[in-house]
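Presented below is the structure to which this report refers.
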Amino acid sequence: EKDPGLSALPVMPLTFSMELLAEGGSILFPGMKLVGMKEVRGYRWIGLDEGARTLQIHASIIPGSREAVVKITDADLDDLSRIKPGLPIVEGVMVFDDEYPHAPQPLDLRLSRARDSKWAGKDLYSGFMFHGPSLQAVASMEKWGENGVTAILKAMPFENLFAGYSGKQFLSDPVILDAAGQVIAYWTSDHLDSGFHIFPFRLEALDIYGPCMSVPQKAECKAAIRLIGDTQVSSDIDILDGAGFLTLRLKGWWDRRFDMPESFYRI
């Protein structure tokens, strides 16, 4: 039974914060394509539990390059021209160019002790993931291994993500990137007895080799995954189009592991 007195605690996924960084940086490179990101770090979540939130984006070109350092902070409503002191919420280096680069060969992922994922053939969003319909982009989990996993992703329509959709496309495909992060969570839940809940906080590099996927396209996701100590996970992730060509590569996608009380998890 639903209680109408309860409300959700909406948090912007890290990949949408990355899209904000990209859109801020793109103002400095009009007409160019976003071809990558470097050293993206999330220090705090962009939470919307109190309703609308005003943010400030500061972007500056790295001299002699087609790269911009971009930072997101909470806006100082008394002085919107001033960046607040202290750490940003999210920051990173955005990379632009006239054309997408030539894609290298995909990751040669050889799974150790490979078997079908325990999530194969299951409803992926009814009992483990919390994502709503617009972000349910993992079509299926395929093979599991001690060192990684493979999955199939699907393009999702963007219309429901906007109050008024004008047809504008994203620069970085944040829905598919978020789905790649979800794949890592399915792997940890299949691999670990504790500490398998994860949230991302860092991306060493993103390479983009083509435009965003569109419905009804699907893609293969190949992830090489390493446990780092007892609290972190580091992954290298390739996303390949239907013809097997590399379209997105995430190098050094870092997640922090934590345990969640069972009662809270059931909610």
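The values are calculated or read from the model by the stated rules, or taken from the named source; none is laboratory data. These figures come from a predicted structure and were not determined experimentally. Reconstructed Cβ throughout: ideal geometry from the backbone, glycine too, with neighbour counts over all protein chains shown. Surface areas here come from the heavy atoms of the whole protein model, side chains and all, with no ligands, DNA or RNA. Shrake-Rupley method; radii C 1.70, N 1.55, O 1.52, S 1.80 Å.
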request  = Calculate the spin-label point distance for D98 paired with D116, positioning each point 7 Å from the Cα along the beta-carbon direction, and give it in nanometres.
outcome  = 5.1
query = Among I62, I176, I237, which one shows the biggest mean-square fluctuation in a GNM of the chain, springs joining Cα atoms closer than 10 Å?
reply = I62
note = The equivalent-ellipsoid semi-axes of the chain, taken as the square roots of five times the Cα gyration tensor eigenvalues and listed largest first in whole Å, are 29, 24, 18
key: Size of electric dipole in the chain: Cβ of Lys, Arg +1 and of Asp, Glu -1, about Cα centre, debye, nearest 20   = 380
note = Per residue, accessible area of the chain with a 1.4 Å probe, heavy atoms of protein chains only, in Å², comes to 53
request  = May I ask you to list the lysines whose Cα is less than 17 Å away from that of K38, ignoring any residue fewer than eight positions away on the same chain?
outcome  = K71, K251
query = Can you list the lysines whose alpha carbon is less than 18 Å from that of K118, not counting same-chain residues fewer than 8 positions off?
reply = K143, K222
task = Whenever you get a sec, compute what percent of the accessible area on segment 145-267 sits on carbon and sulfur atoms (1.4 Å probe).
result = 54
task = Working from the alpha-carbon coordinates of segment 169-267, get Rg over Rh, Rh being the Kirkwood radius.
result = 1.01
